[in-house]
Amino acid sequence: MSTELEVVRQTEVLNRLVLDRRTTEEVGRVEQLWLNPQSHQVIGLTCKSGFLGNNKFSFNWTQIETIGADSILVNYDPEAIEPEKPESVVSLIGHEVWTDAGNKAGKIVDYLFVSRTGAVVEYLFMSSGWRGVLDGIYLLAATTITSAGSKRVIVPDEVIQVPQQYTEGLNQRLSQAAEFLKDDAKKTQLDWEAIKRRAQNITEQVKERTETLTSIAKEKLAEVKSQPEDVSAVEGMKTIDTTAESLPSAPDLPENLK
């Protein structure tokens, strides 16, 4: 088999076109994947064709040449005896997920497997809201399933304590990242404008305060000039000097804030 796809989702393979690798003729469409829940391995598939899908064809894993994005290529020999689906094949879709502490955590809704080998790497389970786990789809590593029956699987309790939520598709992640950057850029611009406004307000306040103190100083100076040249005049000049020293200077603003 080729390695065009690293990991595929089971539901994405269902109903996918099946072609004969040798003749390129259509064999049918995938109806079911054969999953061995003990080894967590896809070991074959069944496809259907004809009116209402009445014609069934079976293929074991060695007959599957390629699992592509649009079709599955198989080595089909109409003269050969078709393999029978093993009794060990059990679909875990719909199985309840229970912990070894006796708590129901949700149910399996899908799984991810390596297209080249058929090995299941992750099951996807839907949370039932147990212990505050929010509704959604979460990853469940195949290696964490300790036992599987006809209706349920059991996993260690600590695995469900901190489940990892499943995010579907790279495009969705890129879209989320783009939205985040867009929102972050907008927030940065708003913050910068707010800083700019605050700086302008401070400048105006300093300017008004400076004008007020200057006016007071002029009034004091006028009073001193109207008085005789004695000690009171000297004291008045000291008052003017003190007032002048208290005058704040306007802060220098960056060029982009002026």
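Structure data summary
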| read-out | value |
| --- | --- |
| 31 Å Cα-Cα threshold exceeded, pairs from LYS56/LYS151; LYS48/LYS107; LYS196/LYS218; LYS48/LYS151 | LYS196/LYS218 |
| Those GluC sites (Glu not before Pro) in region 13-65 that DSSP places in a loop and that have at most 15 other beta carbons within 10 Å | GLU25 |
| Mean separation of Cα contacts under 8 Å (6+ apart) over length of region 1-145, as relative contact order % | 22 |
| Linear extension gain, ASN55 paired with GLU158, 0.36 nm per residue minus alpha-carbon span | 32.5 nm |
| Relative contact order of region 29-79, pairs being alpha-carbon contacts under 8 Å that are 6 or more residues apart, as % | 23 |
| Length released on extending from THR167 to GLU87, taking residue separation times 0.36 nm less the Cα-Cα span | 25.5 nm |
| Separation in nanometres of the label points that stand 7 Å from Cα toward Cβ, at THR144 and THR210 | 6.5 |
| Computed E for ILE137/SER39 - FRET, C-beta separation, R0 35 angstrom, nearest 0.05 | 0.90 |
| Coil-residue trypsin sites (Lys or Arg not before Pro) of region 14-108, DSSP, other Cβ within 10 Å capped at 13 | ARG22 |
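Bear in mind that the values in this text are calculations on the coordinates, not laboratory data. Everything numeric in this text was worked out from a predicted model, so none of it was measured. Virtual Cβ from ideal backbone geometry, glycine too; neighbours counted across all protein chains shown.
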